[in-house]
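*Asks:* First, the structure itself, so that you have it in front of you.
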There are 2 protein chains.
Amino acid sequence: MATDDMPGKNEHPAIDPARLRDTIDQYARIGATTGGGVSRLALTDEDREARDLLTRDLEAIDCPVLVDDLGNMRGILQGATALGAIQIASHLDTVIRGGRFDGAAGVLAGLEVLRALRDRDSVPSRSIELINWTNEEGARFEPAMIGSGTATGVFEADWMHARTDREGIRLGSELERIGYLGQQRHRPPIGRAYLELHIEQGPVLDDLRKPVGIVQGILGITWVEITVTGRSDHAGPTPMPGRRDALVAAADIVRAVRTIGEAHGAPSVGTVGRLDVQPNVVNTIPGSVRMSADFRAPTLELLDSMVDRLQGCVDDIASTRDVEIAVDRFWTSTPVAFDSAVIATIEQACDAVGVERIYHWSGAGHDARYAAEVQPAGMIFVRSRGGVSHCEDELSDEADIALGASVLLHAALLLAEDGADDAAERKQPGGSRHD
Amino acid sequence: MATDDMPGKNEHPAIDPARLRDTIDQYARIGATTGGGVSRLALTDEDREARDLLTRDLEAIDCPVLVDDLGNMRGILQGATALGAIQIASHLDTVIRGGRFDGAAGVLAGLEVLRALRDRDSVPSRSIELINWTNEEGARFEPAMIGSGTATGVFEADWMHARTDREGIRLGSELERIGYLGQQRHRPPIGRAYLELHIEQGPVLDDLRKPVGIVQGILGITWVEITVTGRSDHAGPTPMPGRRDALVAAADIVRAVRTIGEAHGAPSVGTVGRLDVQPNVVNTIPGSVRMSADFRAPTLELLDSMVDRLQGCVDDIASTRDVEIAVDRFWTSTPVAFDSAVIATIEQACDAVGVERIYHWSGAGHDARYAAEVQPAGMIFVRSRGGVSHCEDELSDEADIALGASVLLHAALLLAEDGADDAAERKQPGGSRHD
């Protein structure tokens, strides 16, 4: 769409990489840690400071900011029509000693999109809104993604407000204290489409040496609690034959989960992250082990098949090792495949920017998981150096973020110029499919 | 030696099973738990009560009691000569919520031996002494077997007195408080031989359906600390290939230790009892694992070979799983083979009592471990039902304990009538080997 013969204000809006870099640096100073990371837990003074800065930055480009009763912020760049808006969203909260990019890169890339539009006095057909969701990380208040989850109807507002942190402080009280308890009527409406840029938080793009990925969906997750019960005996006088060693059986299970993850192939994964031994004493044969298994897969069928295969392995192990093993699949988040039209738009945006189309499933959860339940959604990933995240060493190159922001800008504009308004039609019984 | 034609006081001394059972019941009431076990930690009020009762019981049969500066008690049944004594020993302290038999069975079988001699007014050639060692369990003050270890020169008395429990109370202060801080000159001298009866604390005799075992020695023990360092990543976005999962490597090590224990054959064993995962979170790939390995074998060569084999496995695992593994062999207790002449005497005693000669290595440590360093020593095991110990369910049949006590009595008398006094000779330079 960029036209060489129309300079100045009529040029296609473009990301300013230096401004985006400076903005990321500026926000990273709020809650900066000595180790080069950021601690900006949800609804703390640091979070308020970042929110206040975002409010000023949005108002400075004539985008009014609305705050809903969940603390979700929404800055609006008004479009030429009243058609459903394009939402760009992510989060400004971090984990303890987290990185500078997780969440912030998405919000600030969105801010840069709005600034780029204002640079050219460009007024899109649809409004473009920038959302900062409350408490995405779940590092202070559990569960994670509670702001987007409540806004999309997964949780109740009262329940969300009653969540407490480790000191027993209520989420609702903190919203009020920092001045971000707004109006329910300001909750983000269902728009035309939802876009979220996020750092990958994994090594795939880095391994492929590609800066940007098109996210196909968010893997389903299932968590399993496994309890192995053997018999605790003195490690000296108990001969090897006849032992009922819960840890030896648990070791078999760790390897089985690894094998299941490998056998199902990418993007499916299987991990034992937690394992607790009883009594956990050097000279005592372990009597019991409690451990977790985390399985992720792009379809519910694959997820079920992983758990089925675990159950088969566990039955064999229980028999071989003479122990009892209980398997409790206590939580499942179903997979979400992103909207094919939104993905196609992101593909076009990649082509326009000149970055290769690299497809990717997200292994981690994101606010887009909930947004996709109520409107067409898609995500753009930016390469994470070394794949590390949730730590001070988290790093994404400024050039990569600028490329991702350019893809975001192009995708948002393509969607904003789309005349069809399915969501609005759904709200008008008998309305024509042609606008 | 029992002679049918010499009734009454000239009969061979014999164990009174009912008296022994009643005595065990009586002592088990001191520190009795509601679950049917005993909590009688070293140098507590309960330990004092048991010690006071033992003093009264010994004095009642005209066996004066000496207490040394380590709290070790020694009741002396004076022999006809001044030749080196026969020592019968064990301990009255228990672990928290321990059983009624661990330690007490040995002391009270010894008390029954002395009572049986007094029943017949039998005066052996050598004195027979009953020792109750201080703090065998190590459950209150570490390390275990500190009373026998200090008496035999492994530890210094000042160091022993300075040991503190979890409340910071000094062992020496507690000895004084309960009235069992005696004289250094009362430490048990090196005798002619040392005998210890103990419950097996393992399942071997129970599996063989045999009541009594002849202990050939105490297995050597080596403890190894293993540290696995991989890379902690998010369990979702990190593909299976390229993971550096410390727990998967640790699982390989758990299985290797099991295999090494099995491959070395009985009585050698190998156990991973302790394993701690970092960060131990359901959705995070474990970045590091610290774990123990406990190896036991009847010779130092076998023990070394187990650790060598572990090192070989660990090198393979580190390479296969792309992790670093550090192996620190930080403690070794060398194996002790008991004196062949003492074992032969116990064999004779078994024959006299009519119990089968069943040979056995002790996988657990006992005070006899230290005693064997300074004098000929041997041990007699009594069957543990189900092999369980250090818990309230610990159980040995009264008939089995009575049989073991009969073997102990016969062995003590055989040794007490042995005219040679090697230990006394060693103390007299130039002394004749014939007494």
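*Asks:* Residues of the range A:68-100 being hydrophobic (A, V, I, L, M, F, W, C) and either out of contact with any helix residue (DSSP H, G or I) (no Cβ under 9 Å at 6 or more places or on another chain) or open to solvent by less than 10 Å² (accessible area, probe 1.4 Å) (or both), which ones?
*Replies:* Selection gives A:70, A:73, A:77, A:80, A:86, A:88, A:89, A:92, A:95, A:96.
*Asks:* Test of understanding: among A:14, A:28, A:18, A:105, which residue is open to solvent by 30 Å² or more (accessible area, probe 1.4 Å) and either of a type in the set (Phe, Trp, Tyr) or in contact (Cβ under 8 Å) with a residue 60 or more places away in the chain (or both)? Walk me through how you get there before you give the answer.
*Replies:* Values: A:28 fails: open to solvent by 30 Å² or more (accessible area, probe 1.4 Å); A:18 fails: either of a type in the set (Phe, Trp, Tyr) or in contact (Cβ under 8 Å) with a residue 60 or more places away in the chain (or both); A:105 fails: open to solvent by 30 Å² or more (accessible area, probe 1.4 Å).
Answer to the selection: A:14.
*Asks:* Shifting gears a bit: If a residue must be open to solvent by 30 Å² or more (accessible area, probe 1.4 Å), closer than 30 Å to residue B:295 by Cβ and part of a helix (DSSP H, G or I), how many such residues does the range B:386-407 contain?
*Replies:* Residues flagged as open to solvent by 30 Å² or more (accessible area, probe 1.4 Å), closer than 30 Å to residue B:295 by Cβ and part of a helix (DSSP H, G or I) within the range B:386-407 amount to 1.
*Asks:* Moving to a separate point now. Quick one: count up the residues across the range B:213-248 that are more than 7 Å from every other protein chain (Cβ to nearest Cβ), hydroxyl-bearing (Ser, Thr, Tyr) and within 30 Å of residue A:95 (Cβ to Cβ).
*Replies:* Qualifying residue count, the range B:213-248: 3.
*Asks:* Give the range B:268-296 a look and list any residue that's in a loop (DSSP other than H, G, I, E, B) and more than 7 Å from chain A (Cβ to nearest Cβ), or say none.
*Replies:* Within the range B:268-296, B:268, B:279, B:287 meet the criteria.
*Asks:* Oh, and also: Please go through (1) assigned to a helix (DSSP H, G or I); (2) at pLDDT below 95 for residue B:331 and return the number of the only condition it doesn't satisfy.
*Replies:* (1)
*Asks:* Return the residue satisfying two criteria in turn: it lies in the range B:343-369 and is of a type in the set (Gly, Ala, Ser) and part of a helix (DSSP H, G or I), and of such residues it is nearest to the chain's Cα centre (by Cα). Spell out the reasoning first.
*Replies:* First, the residues of the range B:343-369 that are of a type in the set (Gly, Ala, Ser): B:344, B:349, B:352, B:354, B:362-365, B:368.
Imposing the further condition that a residue be part of a helix (DSSP H, G or I) reduces the set to B:344, B:349, B:352, B:368.
Numbers: B:344: 21, B:349: 21, B:352: 26, B:368: 7 Å.
The residue in question is B:368.
*Asks:* Right, something else. Just give me the residues in the range B:170-187 being more than 19 Å from residue B:74 (Cβ to Cβ) and among the β-branched types (Val, Ile, Thr), in sequence order.
*Replies:* Correct list: empty.
*Asks:* Please verify whether the range A:222-229 includes one or more residues that are assigned to a loop (DSSP other than H, G, I, E, B) and in contact with a Gly (Cβ under 8 Å, 6 or more places away or on another chain).
*Replies:* For the range A:222-229, residues assigned to a loop (DSSP other than H, G, I, E, B) and in contact with a Gly (Cβ under 8 Å, 6 or more places away or on another chain): absent.
*Asks:* Let me ask something additional. Hey, could you check the range A:177-212 for residues that are open to solvent by less than 30 Å² (accessible area, probe 1.4 Å), aliphatic (A, V, I, L, M) and not in a strand (DSSP E or B) and say which is farthest from the other protein chains (Cβ to nearest Cβ)?
*Replies:* A:178
This table checks each residue for (1) at positive phi; (2) under 19 Å from the mean Cα position of the chain (by Cα); (3) assigned to a helix (DSSP H, G or I).
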| position | (1), (2), (3) |
| --- | --- |
| B:12 | no, no, no |
| B:18 | no, no, yes |
| B:27 | no, no, yes |
| B:30 | no, no, no |
| B:36 | yes, no, no |
| B:42 | no, yes, no |
| B:54 | no, no, yes |
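*Asks:* Among the residues in the range A:342-363, are any aliphatic (A, V, I, L, M), out of contact with any strand residue (DSSP E or B) (no Cβ under 9 Å at 6 or more places or on another chain) and crowded, with 17+ Cβ neighbours inside 10 Å?
*Replies:* yes
*Asks:* Of everything in the range A:248-273 that's free of Cβ contacts under 8 Å to residues at least 12 places away in the same chain and in contact with a helix residue (DSSP H, G or I) (Cβ under 7 Å, 6 or more places away or on another chain), which residue is least open to solvent (accessible area, probe 1.4 Å)?
*Replies:* Looking at the filtered set, the residue picked out is A:251.
*Asks:* Moving on. Does the range B:369-385 hold any residues that are within 14 Å of chain A (Cβ to nearest Cβ) and open to solvent by less than 10 Å² (accessible area, probe 1.4 Å), and which are they?
*Replies:* Selection gives B:379, B:381, B:382, B:384.
*Asks:* Sticking with this structure for a sec: Can you confirm whether residue B:158 is surrounded by fewer than 16 Cβ atoms within 10 Å (Cβ to Cβ) and closer than 30 Å to residue B:397 by Cα?
*Replies:* So residue B:158 fails the test.
*Asks:* Condition test on residue A:301, is it charged (D, E, K, R), farther than 16 Å from residue B:238 by Cβ, more than 10 Å from chain B (Cβ to nearest Cβ) and crowded, with 23+ Cβ neighbours inside 10 Å?
*Replies:* no
*Asks:* Looking at the range B:249-267, which of its residues are at the interface with another protein chain (Cβ under 8 Å from one of its Cβ atoms) and under 25 Å from the mean Cα position of the chain (by Cα)?
*Replies:* Hits for the range B:249-267 are B:258, B:261, B:262, B:266, B:267.
*Asks:* Kindly indicate whether any position in the range B:32-45 is open to solvent by 50 Å² or more (accessible area, probe 1.4 Å) and within 26 Å of residue B:156 (Cα to Cα). Show your work before the answer.
*Replies:* First, pick out the residues of the range B:32-45 that are open to solvent by 50 Å² or more (accessible area, probe 1.4 Å): B:32, B:34, B:45.
Next, from what is left, pick out any that are within 26 Å of residue B:156 (Cα to Cα): B:45.
Yes, that holds for at least one residue.
The values are calculated or read from the model by the stated rules, or taken from the named source; none is laboratory data. Keep in mind the model is a prediction, meaning the values are calculated, not measured. Backbone-built Cβ (ideal geometry, glycine too); neighbour counts: all protein chains shown. Areas reflect the complete protein model, heavy atoms only, side chains present, ligands, DNA and RNA absent. Shrake-Rupley method; radii C 1.70, N 1.55, O 1.52, S 1.80 Å.
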